[in-house]
Amino acid sequence: MTTLIILAHPDIEASRVNRRWRQELLLHPEDVTVHELYKEYPDWNIDVPREQRLLEAHDLIIFQFPLYWYSYPPLLKKWLDDVFTHGWAYGSSGNKLQGKKLGIAMTIGDKKENYLPAGSVSFTVDEIIAPFQASAIHVGAAALPYFAVFGASFQASDDEINQSAVEYLEYILRNR
Ligand SMILES: Cc1cc2nc3c(=O)[nH]c(=O)nc-3n(C[C@H](O)[C@H](O)[C@H](O)COP(=O)(O)O)c2cc1C
């Protein structure tokens, strides 16, 4: 069974890091299935039964996105609102995500040392992704530790980005 990557980047062609990560993932179709929300749904009209079937067919699901305003890009938020429905994901008969593993792979523009209580951001990454962790708990799934590359706006060199692509794949394989 492959790992499902829900990739949400509003402008992947202009991306440096997510595009490089996607290139690495696409070399391993036996291990990962890459599902690009902005490509699949340019009109934002999400096919909910199709998405739910896709999720049901995978045990490890990774949400990959650039951090925008300390959160997900908006189509991923809409996707969660639409797809994680009552009676399917939660509620007395909603158990379809129970026991699955959910992970986050983020590119973060700012430097790592700023994501500390005493840093310029004032919050850690774990604090910022608390809504994701709470959502995983709500649907009975396990939230994996996040994977991230920092300095993704300017600081990260090509070598560091290439290295992060390799480490991203290792993160996926280690957690399945
Ligand atoms: C609308 C917008 C909001 C952003 N918000 C943040 C932010 O809250 N924190 C941060 O560290 N970087 C932020 N950034 C920088 C992005 O995280 C960074 O450009 C991205 O991760 C780079 O990945 P890419 O090369 O795949 O696009 C933001 C960028 C944009 C365009």
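The values are calculated or read from the model by the stated rules, or taken from the named source; none is laboratory data. Predicted, not measured: the structure shown is a model, and the values here were computed from it. Because the Cβ atoms are built from the backbone with ideal geometry, glycine has one as well, and the counts that use them run over all protein chains shown. In case anyone asks, the SASA skips ligands and DNA or RNA and just uses the protein heavy atoms, side chains included. Shrake-Rupley method; radii C 1.70, N 1.55, O 1.52, S 1.80 Å.
For a paramagnetic label modelled on GLU113 (point 7 Å from Cα along Cα→Cβ), amide N atoms under 16 Å away belong, within segment 132-172, to 150-152, 155-156. Summary of packing: across the peptides 93-101, 44-52, 145-153, the per-residue average of other C-beta atoms within 10 Å ranks them, highest first, as 145-153, 93-101, 44-52. Expressed per residue, the C-alpha convex hull volume of the chain stands at 110 Å³. Once the C-beta distance of ASN95 and ASP11 is scaled by a Förster radius of 45 Å, the resulting FRET efficiency is 0.80 to the nearest 0.05. For the chain, the dipole from Cβ point charges (+1 on Lys and Arg, -1 on Asp and Glu) about the Cα centre works out to 320 debye, to the nearest 20. Taking ALA156, ALA130, ALA142 as the candidate residues, the one with maximal mean-square fluctuation in a Gaussian network model of the chain, Cα springs under 10 Å, is ALA130. In terms of packing, defined here as the mean over residues of other Cβ atoms within 10 angstrom, the peptides 161-174, 58-71 line up highest first as 58-71, 161-174. Largest accessible area first, the residues LYS111, LYS78, LYS39 order themselves as LYS39, LYS111, LYS78 under a 1.4 Å probe with ligands, DNA and RNA left out.
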